[in-house]
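These notes are about the structure you will find just below.
The values are calculated or read from the model by the stated rules, or taken from the named source; none is laboratory data. Bear in mind that the values here come from a model prediction, so they are computed numbers and not experimental data. Cβ sites come from the backbone with ideal geometry, for glycine too, and all protein chains shown count toward neighbours. Areas reflect the complete protein model, heavy atoms only, side chains present, ligands, DNA and RNA absent. Shrake-Rupley method; radii C 1.70, N 1.55, O 1.52, S 1.80 Å.
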Amino acid sequence: MFNISVLNKIKEELSAYKAELVAVTKNHTANDIMSLYLSGQKVFGENRVQELLTKYEQLPQDIEWHFIGHLQSNKVKFIAPFISLIHSVDSEKLLSVIDKEALKNNRIIDCLLQVHIALEETKFGFSLDEVLEFLHFFNAQKYPGVNIRGLMGMATLTSDIDRIKKEFDTLALLFKQIQMETQQKNSGFNILSMGMSSDYKQALQAGSNMVRIGSLLFG
Ligand SMILES: *Cc1c(COP(=O)(O)O)cnc(C)c1O
C-alpha cells in the first residue's frame, strides 16, 4: 500500500517547483497502483517492458505510462502503441527504432535523452559531450515519429550530498544550455527528469521539473 500522507507531502513540495511526479511502480502490484490511481495520481513509471505490459492491461486506460529503464530495441514495438514518455533513450539506434515503431502506430512518441552523470560505470546514457554532439547534428526531420522533450539523469548512489548536488547542477546546466541553443528550433525541449526517493530535494533545488519516486511512496 502507498502512504497517502507521504504522497501529499511530496505533491506539496513539487508544486512549489512546478514539478511533475512520476510514481515509480516497479515491483508493486496492480492493486497497489490502483489505490494510488484512485487518490488522483495518473502518471506512472516502469523500468521493465514485460511488467509494464501486464500492468497496462490490468489498469485504467487514462494512465500516462512512462518508461524509465534501459530499453532494448527489440522491445520498443510492445510499448510504442501507448507509451507517453520514454526517459531512457541512450543511443541514436534506439531513437531510430522508436521513430519507426511510433510511425507504425500513427504516433509521435515523446523521448528524453538519458545522460550519464553518476560515478557508477553501469548506468546507461550519453556522456555530456555525446549529448551535445548528438543534438548538434540531430536532424529532426529524419525522425518525424519522435519528439525529444528533454534530458534524464541519475545521480551517484551515495550519502555524499555535495557530490549529488554537483551532478544535478551539471545536468541542469547542460539542459539550460541546450534550451538556449535550440530555442527557435525546438520549443518543446522543456523536461528535466532527475530525482528519486533519496535525492529528489537536491534535484528540485538544481532545477528538475520531473521526479521519479518509488520506494518513498510505497514504503
Ligand atoms: C526505480 C527507479 C526510480 C525510483 O527509485 P526510488 O528510489 O524507488 O524512488 C527512479 N528512476 C529509475 C530509472 C528507476 O529505475
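The shape of the stretch 1-103 comes out prolate: with a ≥ b ≥ c from the C-alpha gyration tensor, a/c is at least 1.5 and a/b beats b/c.
Against the empirical curve 2.2 N^0.38 Å, the C-alpha radius of gyration of the chain lands at a ratio of 0.98. Computed from phi, the 3J(HN,Hα) profile of the stretch 67-76 under the Karplus parametrisation 6.51, -1.76, 1.60 (θ = phi - 60°) reads 9, 10, x, 5, 10, 7, 3, 6, 9, 4 Hz, with x in place of Gly and Pro. With all protein chains kept in place, the per residue accessible area of the chain amounts to 50 square angstrom at a probe of 1.4 angstrom. Modelled spin labels at LYS100 and ILE4, positioned 7 Å past Cα toward Cβ, are 4.8 nm from each other. Over the stretch 102-219, all Cα pairs binned in 10 Å intervals from 0 give whole-percent P(r) values of 13, 43, 31, 12, 1, listed from short to long. Note on the chain: with neighbouring protein chains present and a 1.4 Å probe, carbon and sulfur make up 51 percent of its accessible heavy-atom surface. A Förster radius of 45 Å combined with the Cβ-Cβ distance from ASP32 to GLU120 puts the calculated FRET efficiency at roughly 0.95. Rounded to the nearest Hz, the phi-derived 3J(HN,Hα) couplings of the stretch 200-214 under the Karplus curve 6.51 cos²θ - 1.76 cosθ + 1.60 (θ = phi - 60°) are 5, 5, 5, 5, 4, 4, 7, x, 4, 10, 8, 10, 10, 10, x, where x marks glycine and proline.
In order along the stretch 131-137, the Karplus-derived 3J(HN,Hα) couplings, from 6.51 cos²θ - 1.76 cosθ + 1.60 at θ = phi - 60°, round to 5, 5, 5, 4, 6, 4, 9 Hz, and Gly and Pro are given as x.
Take ARG48, ARG149, ARG212 and sort them by solvent-accessible surface of the protein heavy atoms, 1.4 Å probe, largest at the top.
On the way: ARG48 150, ARG149 50, ARG212 10 Å².
Output order, biggest surface exposure first: ARG48, ARG149, ARG212.
Taking a threshold of 25 Å on the Cα-Cα distance, which of the pairs LYS26/LYS104; LYS75/LYS142; LYS11/LYS165; LYS18/LYS165 fall above it? Beyond 25 Å: LYS26/LYS104.
Would you mind getting me the FRET efficiency between PHE82 and ILE161? Use the beta-carbon distance for r and R0 = 41 Å, nearest 0.05.
On the way: r = 38 Å, r/R0 = 0.92.
Using R0 = 41 Å, I get an efficiency of 0.60.
The GluC sites (Glu not before Pro) of the stretch 90-174 that meet both conditions, a loop assignment by DSSP and at most 15 other Cβ atoms within 10 Å of the site Cβ, are GLU120, GLU121.
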